[in-house]
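Engineer: Have a look at this one before I ask anything.
The values are calculated or read from the model by the stated rules, or taken from the named source; none is laboratory data. Note that the structure is predicted; figures quoted are calculated from it, not measured. Cβ sites come from the backbone with ideal geometry, for glycine too, and all protein chains shown count toward neighbours. With ligands, DNA and RNA removed, areas are computed over all heavy atoms of the protein, side chains included. Shrake-Rupley method; radii C 1.70, N 1.55, O 1.52, S 1.80 Å.
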Amino acid sequence: MSSPQVITPADQLAEAKKQLNFPRIIAICGSTRFMAEMAEADLRETKAGRIVVKPGCDLKSPHELWSDPVEAEALKIRLDELHRSKILLADEVLVVGDYIGDSTRSEISYARSLGRPVRFTHPEVDPDA
């Protein structure tokens, strides 16, 4: 007798997207120093008919919403969790930029652990290449 197949929330999400005939969803990852390049990648992916999710805040640029260092650190933790949800939602990850830091390396690892294909604007920076 075979054991029952376990349906994960990720499986349910994938099935729902298929049922709804969603376009592919692309999560853009990379250092926030590449926000302009992310915007360009967003434009190109959107033109190609894909839904794009990407970082929405650049904590390295001054802003009143993260001017307090304690609040900024708490916000960074929340934003990292939010971005992991974007990766879970996505069908594919696009890594932008010619530099991979610890956060982006972690996002790549997470995406690959989920079986998400990962593309690079600069393939030479792929940590697993």
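Engineer: Limited to segment 88-125, what total is found for residues that are without any contact (Cβ under 8 Å) to a residue 12 or more places away in the chain and open to solvent by less than 70 Å² (accessible area, probe 1.4 Å)?
Structural biologist: Residues in segment 88-125 being without any contact (Cβ under 8 Å) to a residue 12 or more places away in the chain and open to solvent by less than 70 Å² (accessible area, probe 1.4 Å): 2 in total.
Engineer: Separate question: Out of curiosity, is Asp58 open to solvent by 50 Å² or more (accessible area, probe 1.4 Å) and acidic (Asp, Glu)?
Structural biologist: no
Engineer: Then there is this: For segment 66-87, name all the residues that are under 15 Å from Val118 (Cβ atoms) and either in contact with a Ser or Thr (Cβ under 8 Å, 6 or more places away or on another chain) or open to solvent by less than 60 Å² (accessible area, probe 1.4 Å) (or both).
Structural biologist: His83, Lys86, Ile87
Engineer: Please enumerate the residues belonging to segment 1-28 that are under 17 Å from His83 (Cα atoms) and among the acidic types (Asp, Glu).
Structural biologist: If the condition is that a residue be under 17 Å from His83 (Cα atoms) and among the acidic types (Asp, Glu), then no residue fits.
Engineer: If I ask for residues that are open to solvent by 40 Å² or more (accessible area, probe 1.4 Å) and within 13 Å of the chain's Cα centre (by Cα), which ones from segment 1-41 would you list?
Structural biologist: Listed by number, the list is empty, since nothing qualifies.
Engineer: What's the total number of residues in segment 84-125 that are aromatic (Phe, Trp, Tyr) and in contact with a strand residue (DSSP E or B) (Cβ under 8 Å, 6 or more places away or on another chain)?
Structural biologist: Selection size over segment 84-125: 1.
Engineer: Ok, one more. Given the criteria of a type in the set (D, E, K, R) and modelled with pLDDT under 95, does Glu64 qualify?
Structural biologist: Considered against the rule, which asks whether it is of a type in the set (D, E, K, R) and modelled with pLDDT under 95, Glu64 comes out as yes.
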